[in-house]
Every structure is written in structure tokens, then in C-alpha cells.
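Trainee: Could you have a look at this structure, given as C-alpha cells, before my questions?
The values are calculated or read from the model by the stated rules, or taken from the named source; none is laboratory data. All of these numbers come straight from a predicted model, not from anything done at the bench. With ideal geometry, Cβ positions are generated from the backbone for all residues, glycine too; neighbour counts draw on all protein chains shown.
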Amino acid sequence: MRRRHLVPLLAVSVTAALAPALTTSTAIAAPAAAPAAAVLPAAAPAAGKSALDRYAKQKPQWKRCPEPEAPPEIRCATIQVPLDYRKPGGKRIELAISRIEATGPGKRQGVLLSNPGGPGGPGLYLPLGMAEWLPAAARQKNDLIGFDPRGVGSSTPVTCGLEPKEEDWLRPYKPETFADDVAWARTVARKCEEKAGGILPHITTRNTARDMDLIRAVLGEKKINYVGYSYGTYLGAVYAQLFPKRADRFVLDSAVDPERAWRGMIQWWAEGAEPAFDRWTAWAAERSETYGLGDTPKKVEGAFWDLVERARQKPIDLDGQLVTGDDIRMGMRAAVFTPLYATEAFVELRNAADGETVAPKKLREFLRPEGRHATGATAATPADNGTASFWAVVCGDNSAAWSRNPESYRRDAIADRGRYPIFGDFASSIKPCAFWDRSVERATTVNNKAGSLVVQNEWDSQTPLPSGQALHRQLKGSRMVTVLGGEGHGIYPSGNPCTDGAVNRYLLTGKLPAKDVTCEATERSNEQARRHREQDVLPVSPLPVRAPDRF
């Protein structure tokens, strides 16, 4: 395993977002035993406090991490957390945590936790990336703390026993296949219930936030700093909602809209793709002499739909893998946020349809891989762990968002195919959540004044700009850094002095900008996003494009 797969690089695709922090110019308090009254968690029954305090008194046994290629500076440990925080004396599960100690003798002031995205993304080795990206002064002050969220990776991993084809969840609506899609969704929900019905209801964002607070207590800290990407922004926002006085410097990069977790966030993909598609057609039209797709946006759009129809009638053969018209729509949904990549990939697809030999590696967005699972999975991690933990959170955080009537998904998919022709039917058609058990948790309303820094690209395929703006509005103590012209999912660090500088100053001083910041994307920052896409060094997706591929 190459080191780049140990570290989910936040500089692109799907990480990104520091959770909300209390604005303060003072340093984090030096480690001290957390007072019993301050230990865990919001909404826990008073009778359970003593049991929770016993969890907080655990002493992590730091040792070499299980990944053989992990360098010696990162150390790992396992602690126990309650499966159900309402019953802290009941069943326990394990939580894998990691630490890279602060580099400044006598200068250490606190801890910085991080999350790479998901739901379902392992974060045990993320401190390796943070150690490379943070300025030296921040490294001197903070222990870098990583963890695999509950149910993920090395933290009592969950499984539904799914076959690879059952993990392929983005299914376009078709009248002739809808009954099969309903059967698929019901089967996934049933398998999850049969395999892990006692655990999955407790794999929620609220419980993961409570786990973060238990980590804080175990480490003897009064507050935490946090950097969260993509799904990690929602996790950070929920933590700040439950524990506002324990959140210090929170950076939320590429942000999820809490009000639309989770069905609405999947639908954001369809809504966000339409303006990006229009931007792409204009870009390609301006370069018609180079790419030959048409000299007006309307002609480029026509070329796109012509190829979709050709591939519908006769799938395109890419080195033995067949690409359908629906595959082209699915792939272009994300590709158009980077017009150069989208144009070059589309030309390659058209050439392949004309019988020319092309390089399939360039076209991975358009392929539907089977049997490939989570980056970083080990022999001890079930193959479908990413997918199982993904559905646990997506279905369980807010079950009221998911209709129990399959016909309502049919109606929505038809309507949204008309409104958002690129991806609307993919986003709105039926998912396993239609047959999931009702949540044991209430949905989290994010509405607090804890300080945080929201960082957002203008052209982000996973969490579109309006999603980040929505989180900023709900976090009333936050400031927002918007990167105009910024492409890609996950920003910090990008090599852009404006965005990197804003994040670094906040982490070092604890002071938010006096007002929201607007940065201009640089060629370097956008090129880095494109390079990471090509090299497949992307962090875990906030919502996996295809579960087997991204998890």
C-alpha cells in the first residue's frame, strides 16, 4: 500500500471542512483531567453519568499502528465507547484512535481532531496528512488525533454481507427496471437488518459526535480543535451543536447542508450539476477549434445528448467494459465541474464510440467498477464496510426524510429527470432507506453560535456552493471563505495563499476573519485538484459516487 493511500488527501475531491469552533484568541488549555461534570454527552440520561465517567477514565495504550507501512511517529490505541449512549452500562464497542504528538517541547497547547469525509470514511491515518499540511507553528502546539468513526474500519466494523453488485446504488429510473430497483433497495435493508440490526441503529452522526467528546475526555482536554472535510463538516457541526463550549477552532471544508441530510444532499448532486453543465458547454464552445464539439453552448449540449443516445443504443466498449448512456450521464455529473477534464474525457468517449482506441484510465468516471471496495480496508474489515456504515448514517440520521412509499420515489425520479436531466432520476429514485427501521435518534437541528471557518469552492461536485452557504447560515458564529472559480472537492491545503492563509491564521490564533473572505482560484490550486483526480488520490466521498469505487 502506497503512503498516499494511508493518507486521504484533503486537497481534493471529497474531504474538507473544519467543524465549528468557539472563537477565542486564547490558546487551548493545557491537558488536565476532564472534570466529571464536563464528561459526555448531551442528551444522556442523568442516571448514566457515572457510567460515562468510567469511560472517560480509560488510559489509551499507544503502540505501533496496524498498517505495516505506517511510520513510527503515528501511534494507535483502542478505547471502548457505549454502543447506545442512552444505556452506557450496556454493550460496548471499540473505537480505533491515533496520535502524532506535538513537535514543540513545552509549547503543546491541545489537540486537533480530523475527519476525511464519508459517511463511512476511515480517518485513522489522516494525521499523517495533517502533519504534512499544517504550518510548523501549529504542529508545535497540537497533538494530531485521528480516528475511525464507529462502525468503520478498525472501529468495530459493521457489515451487511452485501455482494458487490448490491453496493452499486446509483440506479437511474426506468419504468421497466423500477420494480427491480425496489427489490434491490428492500434486499439491502433486509440484509443489513439481519446481519447487524442490533448495531446499525447506533451508527449515527450524533453518536459519532459523542464519541469525539469521549476522545476529548479520555485525552484530558477541555476543548478540541477540529478539521473536517465533506461529511466531516456535518459531523463537526453536530458536535458543536451538542457540545458548543467544547468546540474551539473548527475548520469545515466543502460543507454539507445539515437541513438536507441526507436525501436532500444526494439531490444536491442533481441540482448542482445543471449550472456546472452550462458552464462546461460554454467553455467547450469557446474552444471549438481545439475540441470540435460545436461553436455554441447549444451545439455542445447537442453533441452530449447525441452521444448519450448512441451509447444507449450501443454501449461504448472501453477495453472490455461497456459504457451506457446512463453511465455517461453519471460520469459527466461530476466531470463538468472541471471543464478541461470533462471536455477531454468527452472527446475520448466520442472517439471510442467511433471505434478508436483510447486509454480507459482517463475515463474512470464513466466506468462502473464491480468488486472494488474501500481504500485502506484490511483483512479484518468486511468488504462492504464502507457501504454498510454509509447507509447506517444516511438512513438513520433522519429517517423522516425518507418516504416509506416506493411510488413516491417513482414520481420524484420522473419529475427530477425533467428538472435536472443530467442526474435527477439517479438522485431521486429509490434507496434502501425506504425500508430502513425508524431512527433511534432525532434529526439534528444545527443552529448555534459556536465559531467556525467554512471553506468552499465555487465549483464543487460533491457539496455544491449553495450547500456550503447553507451551513454558514446555520452556524451563526461562523465565517466563510469562498473560492471563486475554485474547482474540486476539498480545499485545504491547495497552494492558494488566500485560502491556505485564512485557514492557517485561524488555526494559529483562534481568531476568525472580521468578515467573510472571497478568494480567487489560482491555476496551481485548480491544477492540484485535477492532478489528484488523475492520480486517484482522492479522499473518501461525502456521498460515494459508487460505493465499490469510492469506499
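Trainee: Listed residues Ser403, Ser439; which is modelled with pLDDT under 95, under 18 Å from Ala185 (Cα atoms) and not aliphatic (A, V, I, L, M)?
Mentor: Residue meeting the stated conditions: Ser439.
Trainee: To continue, here is another question. Any residue at all in segment 208-226 that is at pLDDT 95 or above, outside any loop (DSSP other than H, G, I, E, B), buried (at least 24 other Cβ atoms within 10 Å of the Cβ) and touching an Asp or Glu at 6+ places or on another chain (Cβ under 7 Å)?
Mentor: Among the residues of segment 208-226, at least one is at pLDDT 95 or above, outside any loop (DSSP other than H, G, I, E, B), buried (at least 24 other Cβ atoms within 10 Å of the Cβ) and touching an Asp or Glu at 6+ places or on another chain (Cβ under 7 Å), which makes the answer yes.
Trainee: Also, I was wondering about something else. Against the definition (in contact with a Ser or Thr (Cβ under 6 Å, 6 or more places away or on another chain), modelled with pLDDT of 95 or more and in the same structural domain as Gly232 (by TED's automatic domain parsing)), how does Asp143 come out, yes or no?
Mentor: no
Trainee: Considering only segment 192-207, state which residues are crowded, with 20+ Cβ neighbours inside 10 Å and more than 27 Å from Ser114 (Cβ to Cβ).
Mentor: Answer for segment 192-207, where residues must be crowded, with 20+ Cβ neighbours inside 10 Å and more than 27 Å from Ser114 (Cβ to Cβ): just Cys192.
Trainee: Condition first: assigned to a loop (DSSP other than H, G, I, E, B) and either of a type in the set (Lys, Arg) or surrounded by fewer than 23 Cβ atoms within 10 Å (Cβ to Cβ) (or both). Now tell me which residues in segment 377-400 satisfy that.
Mentor: Selection gives Ala377, Thr378, Ala379, Ala380, Thr381, Pro382, Ala383.
Trainee: Another question about this same structure. If Tyr239 passes every condition in (1) closer than 29 Å to Ser429 by Cα; (2) under 18 Å from the mean Cα position of the chain (by Cα); (3) crowded, with 22+ Cβ neighbours inside 10 Å but one, which one does it miss?
Mentor: Of the numbered conditions (1) closer than 29 Å to Ser429 by Cα; (2) under 18 Å from the mean Cα position of the chain (by Cα); (3) crowded, with 22+ Cβ neighbours inside 10 Å, the odd one out for Tyr239 is (1).
Trainee: Can I ask one more? Look at Gly272 and say whether it is in the same structural domain as Pro339 (by TED's automatic domain parsing) and surrounded by fewer than 19 Cβ atoms within 10 Å (Cβ to Cβ).
Mentor: For Gly272, the condition - in the same structural domain as Pro339 (by TED's automatic domain parsing) and surrounded by fewer than 19 Cβ atoms within 10 Å (Cβ to Cβ) - is not met.
Trainee: Restricting to segment 315-337, name every residue that is part of a loop (DSSP other than H, G, I, E, B) and crowded, with 23+ Cβ neighbours inside 10 Å.
Mentor: Passing the criteria: Val336, Phe337.
Trainee: Based on this model, can you work out whether Ser403 counts as assigned by TED's automatic domain parsing to the domain that holds Ala70, under 29 Å from Gln474 (Cβ atoms), in contact (Cβ under 8 Å) with a residue 12 or more places away in the chain and not in a strand (DSSP E or B)?
Mentor: It is false that Ser403 is assigned by TED's automatic domain parsing to the domain that holds Ala70, under 29 Å from Gln474 (Cβ atoms), in contact (Cβ under 8 Å) with a residue 12 or more places away in the chain and not in a strand (DSSP E or B).
Trainee: Oh, and also: Looking only at residues that are small (Gly, Ala, Ser) and outside any helix (DSSP H, G or I) in segment 227-258, which one is nearest to Glu458 (Cα to Cα)?
Mentor: Ser254
Trainee: Oh, and also: Mind checking which pairs have a first residue in segment 51-71 that is over 17 Å from Val81 (Cα atoms) and a second that is at pLDDT 95 or above and part of a loop (DSSP other than H, G, I, E, B), Cβ under 6 Å, 6 or more apart or different chains?
Mentor: Close Cβ pairs satisfying both conditions: Cys65/Ile74.
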